[in-house]
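Engineer: This structure is in C-alpha cells; I'll ask about it shortly.
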Amino acid sequence: MTRIRIIRKAHRWLMMLAGIQCVLWALSGLYMVSFDIHTVHGEHLINVQPATIETPPAYPVDRLLSDYPSAQQLRLDVINDTKVFRFVDEQNVTRVLDAETGKPVAVVSETTAEEIAKQAFHAPYPVRAVKQINDPQQAPSELSIRHLPVWAVEFEHWSQPTLYINQYSGEVVTVRHAIWRLFDLLWRLHIMDYDDGENIGNGLLQGVAGVFFVAVVAGIWLAYKRTTSKPYRVRPRLSKFHTVLGIVVSVQLLLWLGSGLTLSLMASLEHNPSRDRAHSPINLSESTWPDIPWAALELSSAQQIEFKQLLGKPYLYVQRTVPVHANQPRDAALLDAATGLPIEITSAFATTIANRAYEGQGKAHVTWFEQPPLDTVPGYQNAVWVTQFNDEARTRVVVDAVSGNVISFTDRLSSLKDWMMRLHFMDYRGPMDFHHPLIITFAVVTLLLSLTGLWSMMGVLRLRLGKGVMSGRRYRIDVSTGHSADSTAIKLVARHSLFDGLMSRGIAVPSACGGGGTCGQCRFQTEDAVSISANERVHLSETALQKGIRLCCQHWPSEVTEIRVWPSKEADH
C-alpha cells in the first residue's frame, strides 16, 4: 500500500471518529466569538447607577468590628437608597447592616425584589414570575450557589431575561438570558464536559483533540500532494472547495488544537499558583482602627469604601466608580485611615507586600511597574507592580498599584498558559479578547471546512451502504490486463474499492493520487452495467464512458463480475 493511500485512509477514518465533534467545535467556537463577553453576561440589559455615600455613617467602624470580630471584606456603600455596611462573617455568609443604626437590614421581600428588578432592567417588559431560591438543590444550573439566597425575577420576552436579586443586599448579582444560556450549552459541547461545564482537563477532550490533530496533519499533507501532483486535474467542486478551505486555515487549525490540548493538559494538572498560594482573608479586628476623618474623604463622589489592612496598618480604599468586574478600569484612591491623606503604592511598598504574600524559598529579585495592556496579567486593565522571585518556578507576585491588593501569582507555566490562550484567541497583542474580526473570519472558514468534510464523508458512507460495501463479504471477479486474452479469477472484499482490492492482490493499477479520484489514471473496462460518478465525468471522455471505461477508485467489487485493467490512457483508443 502506497504512502498516500495509507495517509488518505488514516485521514478518513480519523475524521469519522472526530468529524462530528469537529463540526461542534467549529459551530460552538463561531457562536462564542461572535458575541462580546459583556453581552453574553447580560450587562447590556441592566442599568444600575450606584449612588454616592454623601454623609458619614453614624455606626462607628470600631464598634462594628467589636460587635463582629470575625468580619472580613468590610465595605461601606449605598443599596436601595440606604447606606449600609457589608461584610463576610466566619461562616462565609454576607451580612448587611444599616450604617446608621448598626442593625441588620431586613431581608428583601418579593415585592421589593420585583421593584429592584424593574428599576435595573432597561426594557419595559412586564414581569412574568418571581421565585425565591434558598436551597442549593433548587438552584437552576445557570445560577452559582455562592449567590444564594436570591429572588429570581423573570421578564416576559422571547429571550427569557432573568435577574437574580440577593435577598440580603438587594443587589442584582447576575443576569441570565437566551444568549447566555445557548453560550453555556455550546461551551459544554466545546470542552466535552456534559456535567457542569467546568472541567476542561477531561480525558475525553484530550483524546478527541489528539485524534483530530493527527487527522489535520494528514489532511494538510494530502492537500499539498493534490495541489502539487502532476498531472493535476480539476476535481469536483465540493472536494476542491474543501481543499482550498483546508489550505486557508490549516496552520490556525493546528494552533487551535495544539493550544487547546495544552490548556486541557495544564488544567488536568490542576496548576493554579494563585489558588495554591492564596492566603486566608485578613481579620480586620486584629488592628486598632482610629477615628476616621470622614470630612476629608469627599463622600459626595465616593460610591464605595473598603476598609482594609496592608502590612498591619488600616487603610481606606475609596472607589469613585465601581466597575462591574474587578479587572476593569476604576477611579479610586488609597487613603490613610487615620489622616485621610492619599497613599502611594511605591516600588518598595509593593515589594514588601509581595514578600509577605510569597511563601516560597526564593527572594525578591526585581520589581517593575506595568501599565495596561499588561504582559504579566493579560486582561487586567489597571496599573500594577510586579515582583519576580529568584526561585526555580520564576514566581511573580502582582500587586495592584492603587489598592495594594495581591491580584495574581504567576510562574513559568502561567506564562505558557497565557501564550496558549493568545494562540487560541488569535489575540497576540491585546487584552486577551476572543471577540474580534480575525478569529470570527477563521471560525467561519473552519465551520465551512468541517461541513464540507462531513458532507463528503457522508457521501462516501451513503455510497457504500447503497452498494452493500460495509461488510466483509467477498466477490469473485475475473480480471484481465491490457490486450491480454488471459484472465484471473480473484475474490475482493466488499468494503474495499476496486482500486484498493486490486492493489492488495498485487495487480498494478496506474495512479498518481493513491485512489483519491483526482488523477483519472486508474482505468478499467467492463461490460457490466456500472453507474457513472461525478469524478468520472470530469476525467473521462464521453467516448470512453460509452465503451464502459470507469475508474477503479470510484467503484466496488459488488458492482462488477469481470474487468479489464488498462495502463495509462490506452483504453481511450
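The values are calculated or read from the model by the stated rules, or taken from the named source; none is laboratory data. Remember, it's a predicted structure, so these values are computed and weren't measured experimentally. Cβ sites come from the backbone with ideal geometry, for glycine too, and all protein chains shown count toward neighbours. Quick note on the areas: whole protein, heavy atoms, side chains included, nothing else; ligands and nucleic acids left out. Shrake-Rupley method; radii C 1.70, N 1.55, O 1.52, S 1.80 Å.
Engineer: Straight distance only, please: which aspartates and glutamates reach the Cα of Lys131 with their own Cα at less than 13 Å, same-chain residues fewer than 8 apart left out?
Structural biologist: Answer for Lys131, where 13 Å is the Cα cut-off: Glu110, Glu114, Glu154, listed by chain and number.
Engineer: How about the chain: what cysteines have no other cysteine beta carbon under 4.7 Å from their own?
Structural biologist: Singleton cysteines: Cys22, Cys553.
Engineer: Right, something else. Sort Ser403, Ser144, Ser504 by heavy-atom solvent-accessible area, probe 1.4 angstrom, most to least.
Structural biologist: Correct descending sequence by accessible area is Ser504, Ser144, Ser403.
Engineer: What does the accessible area of Thr288 come to, in Å² to the nearest 10, when a probe of 1.4 Å is used?
Structural biologist: Approximately 120 Å² of Thr288 is accessible to the 1.4 Å probe.
Engineer: With all protein chains present and a 1.4 Å probe, how do Lys103, Lys83, Lys131, Lys313 order by accessible area, largest first?
Structural biologist: Greatest to least solvent exposure: Lys103, Lys131, Lys313, Lys83.
Engineer: Now for a different question. How do Glu171, Glu154, Glu392 stack up against each other in accessible area, from largest to smallest, with a 1.4 angstrom probe? Could the numbers behind the result be given before it?
Structural biologist: Details: Glu171 70, Glu154 45, Glu392 165 Å².
From most accessible down to least: Glu392, Glu171, Glu154.
Engineer: Would you work out which of Trp556, Val108, Leu186 lies farthest towards the positive end of the dipole of the chain, given +1 charges on the beta-carbon of Lys and Arg and -1 on that of Asp and Glu, about the Cα centre?
Structural biologist: Working it through, the farthest residue towards the positive pole turns out to be Trp556.
Engineer: Determine the shape class of the range 359-439: with a ≥ b ≥ c the square roots of the Cα gyration tensor eigenvalues, call it rounded for a/c under 1.5, and otherwise prolate if a/b is greater than b/c, oblate otherwise.
Structural biologist: Values: a/c = 3.01, a/b = 1.58, b/c = 1.90.
Oblate is the answer for the range 359-439, as a/c is 1.5 or above yet b/c matches or exceeds a/b.
Engineer: Sticking with this one: Using r as the Cβ-Cβ distance of Gln138 and Arg412, and R0 as 45 Å, what FRET efficiency do you calculate, to the nearest 0.05?
Structural biologist: 0.55
Engineer: I've got another one for you. Excluding residues fewer than 8 places away in the same chain, name every one of the aspartates and glutamates whose C-alpha is closer than 19 Å to that of Lys491.
Structural biologist: Partners within reach: Asp478, Asp500, Glu527, Asp528, Glu559, Glu562.
Engineer: For the pairs Lys118/Lys308; Lys313/Lys363; Lys240/Lys417; Lys308/Lys363; Lys313/Lys417; Lys83/Lys313, note any where the Cα-Cα span goes beyond 28 Å.
Structural biologist: Violating the 28 Å Cα-Cα cut-off are Lys118/Lys308; Lys240/Lys417; Lys313/Lys417.
Engineer: How large is log10 of I(q)/I(0) for the chain at q = 0.05, 0.09, 0.10, 0.12 Å⁻¹ when the intensity is taken from the Debye formula with one equal scatterer per alpha-carbon?
Structural biologist: -0.37, -0.83, -0.94, -1.21
Engineer: Using θ = phi - 60° and the Karplus relation 6.51 cos²θ - 1.76 cosθ + 1.60, list the HN-Hα couplings for the range 194-201 in order, rounded to whole Hz, with x at every Gly or Pro.
Structural biologist: 8, 8, 10, x, 10, 9, 7, x
Engineer: Once both axes come from the Cα atoms, what is the angle between helix 3-33 and the longest principal axis of the chain, in degrees from 0 to 90, rounded to 10?
Structural biologist: 30
Engineer: Additional query: Taking the chain as the reference, fit the longest principal axis to its C-alpha atoms, fit the long axis of helix 178-191 to the helix C-alpha atoms, and give the angle between the two in degrees, 0 to 90, nearest 10.
Structural biologist: That works out to roughly 60 degrees.
Engineer: Let me ask something additional. Going by alpha carbons, how many degrees (0 to 90, nearest 10) lie between the helix axis of 347-357 and the longest principal axis of the chain?
Structural biologist: Rounded to the nearest ten degrees, it is 80.
Engineer: In addition: Does the range 286-393 classify as rounded, prolate or oblate by the C-alpha gyration tensor (a ≥ b ≥ c root eigenvalues; a/c under 1.5 gives rounded; else a/b over b/c gives prolate, otherwise oblate)?
Structural biologist: Taking the square roots of the gyration eigenvalues as a ≥ b ≥ c, the range 286-393 is oblate.
Engineer: Write down the percent of antiparallel bridges among all DSSP beta bridges whose residues are both part of the chain, to the nearest 5.
Structural biologist: Within the chain, antiparallel bridges account for around 95 percent of the total.
Engineer: Can you tell me the length gained on complete extension of the stretch Met432 to Ser480, counting 0.36 nm per residue apart and subtracting the Cα distance?
Structural biologist: Difference between extended and current length: 10.9 nm.
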